[in-house]
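Engineer: Here it is, the structure in full.
The values are calculated or read from the model by the stated rules, or taken from the named source; none is laboratory data. Values in this document were obtained by computation on a predicted structure and should not be read as measured data. A quick note on method: Cβ atoms are made from the backbone with ideal geometry, for glycine too, and the neighbour counts reach across all protein chains shown. Surface areas here come from the heavy atoms of the whole protein model, side chains and all, with no ligands, DNA or RNA. Shrake-Rupley method; radii C 1.70, N 1.55, O 1.52, S 1.80 Å.
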There are 6 protein chains.
Amino acid sequence: MSGRTIHVRVVSPITTRGFRRVEDLEALGHEGMIVSGSQIDEGPGSIECEFETAICVPDTIAKIVEAERDGADAVVIDCMADPALRPAREMVRIPVVGPSQAAMHVAAMLGHRFSVVTVMRRLRAQFENAAAIHGLSTRMASVRHVEIPVLELEDDLDATKVALVEQARLAVELDGAEAVIFGCTGLLGCAGAVREGLLAHGIDIPVIDPIPTAVNIAAALVRSGLSHSALTFPAPPQKELVGYPKLRAALPLAAE
Amino acid sequence: MSGRTIHVRVVSPITTRGFRRVEDLEALGHEGMIVSGSQIDEGPGSIECEFETAICVPDTIAKIVEAERDGADAVVIDCMADPALRPAREMVRIPVVGPSQAAMHVAAMLGHRFSVVTVMRRLRAQFENAAAIHGLSTRMASVRHVEIPVLELEDDLDATKVALVEQARLAVELDGAEAVIFGCTGLLGCAGAVREGLLAHGIDIPVIDPIPTAVNIAAALVRSGLSHSALTFPAPPQKELVGYPKLRAALPLAAE
Amino acid sequence: MSGRTIHVRVVSPITTRGFRRVEDLEALGHEGMIVSGSQIDEGPGSIECEFETAICVPDTIAKIVEAERDGADAVVIDCMADPALRPAREMVRIPVVGPSQAAMHVAAMLGHRFSVVTVMRRLRAQFENAAAIHGLSTRMASVRHVEIPVLELEDDLDATKVALVEQARLAVELDGAEAVIFGCTGLLGCAGAVREGLLAHGIDIPVIDPIPTAVNIAAALVRSGLSHSALTFPAPPQKELVGYPKLRAALPLAAE
Amino acid sequence: MSGRTIHVRVVSPITTRGFRRVEDLEALGHEGMIVSGSQIDEGPGSIECEFETAICVPDTIAKIVEAERDGADAVVIDCMADPALRPAREMVRIPVVGPSQAAMHVAAMLGHRFSVVTVMRRLRAQFENAAAIHGLSTRMASVRHVEIPVLELEDDLDATKVALVEQARLAVELDGAEAVIFGCTGLLGCAGAVREGLLAHGIDIPVIDPIPTAVNIAAALVRSGLSHSALTFPAPPQKELVGYPKLRAALPLAAE
Amino acid sequence: MSGRTIHVRVVSPITTRGFRRVEDLEALGHEGMIVSGSQIDEGPGSIECEFETAICVPDTIAKIVEAERDGADAVVIDCMADPALRPAREMVRIPVVGPSQAAMHVAAMLGHRFSVVTVMRRLRAQFENAAAIHGLSTRMASVRHVEIPVLELEDDLDATKVALVEQARLAVELDGAEAVIFGCTGLLGCAGAVREGLLAHGIDIPVIDPIPTAVNIAAALVRSGLSHSALTFPAPPQKELVGYPKLRAALPLAAE
Amino acid sequence: MSGRTIHVRVVSPITTRGFRRVEDLEALGHEGMIVSGSQIDEGPGSIECEFETAICVPDTIAKIVEAERDGADAVVIDCMADPALRPAREMVRIPVVGPSQAAMHVAAMLGHRFSVVTVMRRLRAQFENAAAIHGLSTRMASVRHVEIPVLELEDDLDATKVALVEQARLAVELDGAEAVIFGCTGLLGCAGAVREGLLAHGIDIPVIDPIPTAVNIAAALVRSGLSHSALTFPAPPQKELVGYPKLRAALPLAAE
């Protein structure tokens, strides 16, 4: 399996058009891997709370099922809440990678403790709960935020980067972080600037940009012939579903 | 607040009609507390996997918002996956109680370790993840199952009870449980028989029937003037939502 | 069992008379529940250390046994050290509720992390050990104190409330608390003022007054037909006891 | 301090006379260390439950205070429930060592995981709670029991030893133990026989006899000039105590 | 960086020649990635204990330094004890990947719990300690072994595979594993057969072959522009070293 | 065994001569115990990183084997990284004590939480990993440092002591420590001054000097007839070793 070109699909679980540019995704490809994108049609404009995390799930599942039918080798979900990660894994057999899960595991491999620097304070509990489920609570130093909503991150990108550097610096100096993860995939492309900003303070740590990292991890899984466990994520039982016509069509016949 | 009659609404997040009988819910009331029920219109027929847990959420949130508008003092979600618990808490200010969360905390108060006896093996990871988020992993002895689907539990109720006693007994003897929780709210009313079955084996432990327990805990919260934290569950930000017209109507104006 | 009026007894494990007013306890009742009080005759004037926590235990057990003989349906121990909780549970079959244990589990249900605001610094280890035993260490944000001894809390009640608000605010802003528990039952009745004080700082979180909460949880257990596990808390073995005549009389014949 | 002869007092918190022989304690001494014993006058005949663990505490504290006044350099409590350990440490400044705490830390130093083999099943929760407080839950493999009451251990000492070997063997083979602790100080002197019994099964692990181990650890603390932290265990506040005349006399004037 | 061909060096920390065939390593490459191998000159013939894990370290560090000088983009250590992982990371700035660390994090991403199936029982503590350091103890179901020494694994490869399938099956059925990792890199190439053997028992889980997985993860790190944290792994201080001439030559001038 | 004079050997795993004075070690002896010292010939001048911790191991193992052949009853390793602790335990049957492991367990016995005050910031991860392996993460409050290299600690001993008091004070006031451990054995003899410095700030806590503590714990193990578990640390398998002639000579014949 390892010889051929791998196709990774990135599914954006928000309805705002133009926020995620397809050329930014395609630029993540290289010889041996191509990256494509898709986006949900129904759901929130962006994701900054438990409600929005939940409400994007039905259409995100549909887009992940579609990706498998399109022949993608793996899917990455384009949101640090990892919405639909677990239900979608029950619906497809290609690897589905959550950037939050992947980035936390990569950070834990690279440094002693990591911090997440995200957009809004209210996401702290979500990230801490995610770390608890991943088994990584003891490796998470803190969750910090810049208090800039997702859709305003690019309004003043320089201010955003300055705020990211400041919170990352505090994560290192006050919380004991030795690696940093962006807590929003909307920050794609800022890692270089933030790493330089930290180096200017004498802080030399990995700054993890979740989407490129998750895409490369997805490819690594494909190259290794691995996907999520069918024991943890068996196909849903065959059963009536009221509403959600796109998903009804996607439901596999129960394996049983 | 403690003097008046309390109204607890039980919201069933499945579309199968006739499974949850309203008279069973009303019978949970007593002087000072009434219990009512409602049920979702769109979603799965029953809940036995991550996909079904996720797909019932949008309409469950809508029914919880409706309960608050109906004047209910508290809501209990009628499923041991606690679907919609966290997003719904962002949408209402009355207490929203998940029977899994409530039963685990009650079990931890009553005995040294508890086990969950549920319907299907595949739910084990979900319950273990829930315990991790509740902070109760060290108090959970095991998750066991009878391998009977939800909608077949009542086909041969005696066989179901025998299977429950057997798994509860093994939880005590092999896994170290000192209390047991039913891992499906469809088992409402079986606690007495299972407790007697265990006593016949010389095992005298609490057998927790999640819906009555959650309803009484919900009333206790109301009597104590308590609800979920607005810092953990602030109202969602004001933002465009594509689709989900019932929820669009329900969205509060952002507090900010 | 759920239809009748429930009787909850609150046992005060201190010998100072007049500190706990019976009318404050009776006011916690409502239609369907009455609350009564009793107090130990031998032991410390108040409880602020491990020594006093230990030395109140023999007479507290005797008063809990007495409560069961008086026909109470449940007992709440009137001290946040939960003294006698575990030994008393071996002596009676009605639910015995510790306000610290109950308040911590309720707080964990309502918010992401909780802090305890108690009277003296020296109690920090006791609360952290209690959380470890309850399995809730990961949900406790911090233990803070106002450094006012129990018997002086009411000397300047306004100053006490100001100090409580200040420590609760720091718990939220520095320690990450999203709910707060009073760490002394002597603070009964202060929750409203502290919650308002926090709201004035823009902090909207549950403030848990342990005695009302524990009384309502005790009633919820009775309504649900639940008590502590007889496997965790079997009756003591039949055996000679030198001294403690009140307890000798109370000792059940061993079950064995 | 390290040059002189050290005096360790072993305080037995049970009222049964003749169970703990003073010559067995004295035999633990050697050049540079002497061991003496004392015993409580009021309390249980033996300790096998939470009630008995609690009820021996007042007189045990009194005997520990007496030991310090007698010039002992350290005290060891002669029970694996470590009764009075924390309150007594507030009353004296010489090291007070609990054999359960000491044995668990020593076991954790010597092998990967340890099991406790105790007398009765009902003590399992107490030992697991103790491990949680000591921070050693992850190092405890299991708590096993021989179901022989304390005062009957010597009725058929050979049968007792056979049962100990059997449970220790199962702890190794089924639970993953790599060291074993006796869970009752009444088993003093059995370690050699149990270790030989295990060797006959090809199992070469430390078998920890808690009283000799705790006595030697106590001496090591004295030689190192160490005692318990006065920040964790400050003297009790000065305050009225009703009853307990021996303890009233012992109460230090509050340091404050 | 992502466009060019990546070179991953696999360093074998054992002195036995012929055990690790270079063509097996080269076969892990694909378009965009080449894999090369090297092997230590001084140290143990194979690694099955703490002593051998420690004694291979000096020369393994030297070979990793050499890999960086040879222009490799990343290094994978060819042993599931991850020997030299932490000290070598202080000596080079290219990513150094331990197959045990990488495989555990990948397994935790793919399934609820994972088990390690290794060669000898005595390695259990080492793997459990590794999981504790990685923060993954709660995700590890068990460590099982086939009791076949490393250098005898290929003597009867069919018997080895049968034993692997049997232990993996028990890990799933008794210990709750939902993914399996080979606990010895000498098992390279057996994953397909073991996965098929499990499928024949109706068990459909990921079987992780550590070396291919670690090589692909190493490439993913390089593609993502990431390496280990220089805050966790700063260069060693400049200081005299007696002996170890190869390492003396390799020591970087201290950054300070 | 308890009657005779015990001989504890302290092995210094650094090559700098004159740093560890033999008379300082001998002064730790008393009636019934003598202390001797030895030092490695090949390895680092001091130990302040993972590289140096690893590279001292081969010769430290050799010196520990030599100690057993010299008739020592126990060995203490003279470095807070506990280098060679686990591999050396496979090579000898006398107790091998790591001062870090011993001091952490003793601190956990004496106070609620402990902090380590060490020399360099970069050692933080090593101490936190050690606590994770010992099972004591929940009892460790923090790791602090004075940023003075080992070999410069004595250049201005008064300044070193002032820095130690300052960091210990911050550990208590900011991190919640209630006991303190020196994180470098080069600080031997400073405990009295640091304890006095803390008392001058009103802080009365144990200050643990690791070498005297470890030596006395080693003697306590010998007096108790205990050593490390042969199940956790069995002798290495018989196998070829290339290089390391001193160790080849020391290798026991495999037990098998």
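Engineer: Are any residues in the stretch D:182-195 open to solvent by 50 Å² or more (accessible area, probe 1.4 Å) and either away from every other protein chain (no Cβ under 13 Å) or without any contact (Cβ under 8 Å) to a residue 24 or more places away in the chain (or both), and if so, which ones?
Structural biologist: D:R195
Engineer: Tell me, yes or no, whether the stretch E:159-170 has at least one residue that is in contact with a helix residue (DSSP H, G or I) (Cβ under 9 Å, 6 or more places away or on another chain), open to solvent by less than 20 Å² (accessible area, probe 1.4 Å) and hydroxyl-bearing (S, T, Y).
Structural biologist: yes
Engineer: Answer yes if at least one residue in the stretch F:178-185 is at pLDDT 95 or above and in a helix (DSSP H, G or I), and no otherwise.
Structural biologist: yes
Engineer: Determine, yes or no, whether E:T138 is in a helix (DSSP H, G or I) and open to solvent by 50 Å² or more (accessible area, probe 1.4 Å).
Structural biologist: For E:T138, the condition - in a helix (DSSP H, G or I) and open to solvent by 50 Å² or more (accessible area, probe 1.4 Å) - is met.
Engineer: Then there's this: Can you pull out the residues in the stretch D:204-213 that are assigned to a loop (DSSP other than H, G, I, E, B) and facing chain F (nearest Cβ under 7 Å)?
Structural biologist: Those that are assigned to a loop (DSSP other than H, G, I, E, B) and facing chain F (nearest Cβ under 7 Å): D:D204, D:I205, D:P206.
Engineer: While we're looking at this one, here's another question. Only one residue in F:K239, F:K246, F:K161 is in a helix (DSSP H, G or I), within 14 Å of chain E (Cβ to nearest Cβ) and not aromatic (F, W, Y). Which one?
Structural biologist: F:K246
Engineer: Taking E:G111 as the residue in question, decide whether it is small (G, A, S), crowded, with 21+ Cβ neighbours inside 10 Å, more than 12 Å from E:V180 (Cβ to Cβ) and facing chain A (nearest Cβ under 9 Å).
Structural biologist: no
Engineer: Among what's in the stretch B:64-86 and is within 14 Å of chain A (Cβ to nearest Cβ) and either touching a residue at least 40 places away in the same chain (Cβ under 8 Å) or open to solvent by less than 10 Å² (accessible area, probe 1.4 Å) (or both), pick the residue that is farthest from B:V119 (Cα to Cα).
Structural biologist: B:V65
Engineer: Kindly indicate whether D:L198 is assigned to a helix (DSSP H, G or I), touching a residue at least 12 places away in the same chain (Cβ under 8 Å), open to solvent by less than 40 Å² (accessible area, probe 1.4 Å) and under 18 Å from F:A219 (Cβ atoms).
Structural biologist: no
Engineer: While we're here: Could you figure out which of (1) open to solvent by 10 Å² or more (accessible area, probe 1.4 Å); (2) in contact with a Lys or Arg (Cβ under 7 Å, 6 or more places away or on another chain); (3) more than 29 Å from F:S137 (Cα to Cα); (4) not β-branched (V, I, T) isn't true of E:L151?
Structural biologist: Failing condition for E:L151: (2).
Engineer: Additional query: Any chance you could count how many residues in the stretch F:201-223 are farther than 17 Å from F:G29 by Cα and touching a residue at least 60 places away in the same chain (Cβ under 8 Å)?
Structural biologist: Summing the residues that are farther than 17 Å from F:G29 by Cα and touching a residue at least 60 places away in the same chain (Cβ under 8 Å) in the stretch F:201-223 gives 3.
Engineer: Out of (1) without any contact (Cβ under 8 Å) to a residue 12 or more places away in the chain; (2) surrounded by fewer than 24 Cβ atoms within 10 Å (Cβ to Cβ); (3) within 14 Å of chain B (Cβ to nearest Cβ); (4) within 19 Å of the chain's Cα centre (by Cα), the odd one out for C:A131 is which?
Structural biologist: The failed condition is (1).
Engineer: How many of the residues making up the stretch C:13-24 are surrounded by fewer than 23 Cβ atoms within 10 Å (Cβ to Cβ), within 16 Å of C:A81 (Cβ to Cβ) and not β-branched (V, I, T)?
Structural biologist: Matching residues across the stretch C:13-24 total 2.
Engineer: Further question: Just checking, which of A:M104, A:M120 is surrounded by fewer than 24 Cβ atoms within 10 Å (Cβ to Cβ) and either assigned by TED's automatic domain parsing to the domain that holds A:H145 or at positive phi (or both)?
Structural biologist: A:M120
Engineer: Restricting the stretch F:1-32 to residues that are assigned to a loop (DSSP other than H, G, I, E, B) and of a type in the set (A, V, I, L, M, F, W, C), which is nearest to the chain's Cα centre (by Cα)?
Structural biologist: Result: F:I14.
Engineer: Would you confirm whether any residue within the stretch D:214-223 is more than 14 Å from chain C (Cβ to nearest Cβ) and among the polar types (S, T, N, Q)?
Structural biologist: yes
Engineer: Does B:R122 satisfy the criteria of being touching a helix residue (DSSP H, G or I) at 6+ places or on another chain (Cβ under 8 Å) and touching a residue at least 40 places away in the same chain (Cβ under 8 Å)?
Structural biologist: No, not satisfied.
Engineer: Among the residues of the stretch C:25-47, count how many are open to solvent by 10 Å² or more (accessible area, probe 1.4 Å), facing chain D (nearest Cβ under 7 Å) and closer than 18 Å to D:A235 by Cβ.
Structural biologist: Qualifying residue count, the stretch C:25-47: 0.
Engineer: So which residues in the stretch D:171-181 are free of Cβ contacts under 8 Å to residues at least 40 places away in the same chain and either more than 23 Å from E:A125 (Cα to Cα) or in contact with a helix residue (DSSP H, G or I) (Cβ under 6 Å, 6 or more places away or on another chain) (or both), if there are any at all?
Structural biologist: Answer for the stretch D:171-181, where residues must be free of Cβ contacts under 8 Å to residues at least 40 places away in the same chain and either more than 23 Å from E:A125 (Cα to Cα) or in contact with a helix residue (DSSP H, G or I) (Cβ under 6 Å, 6 or more places away or on another chain) (or both): there is none.
Engineer: Closer than 30 Å to F:E31 by Cα, open to solvent by 10 Å² or more (accessible area, probe 1.4 Å) and touching a Gly at 6+ places or on another chain (Cβ under 7 Å), is that true of D:V10?
Structural biologist: No.
Engineer: Right, here's the next one. Could you tell me which numbered condition B:M120 fails, if it satisfies all but one of (1) more than 14 Å from chain C (Cβ to nearest Cβ); (2) within 14 Å of the chain's Cα centre (by Cα); (3) closer than 15 Å to B:L187 by Cβ?
Structural biologist: So B:M120 meets the others, but not (2).
Engineer: Further question: Of (1) closer than 25 Å to D:R21 by Cα; (2) surrounded by fewer than 23 Cβ atoms within 10 Å (Cβ to Cβ), D:D204 satisfies all except one. Which?
Structural biologist: All conditions pass for D:D204, except number (1).
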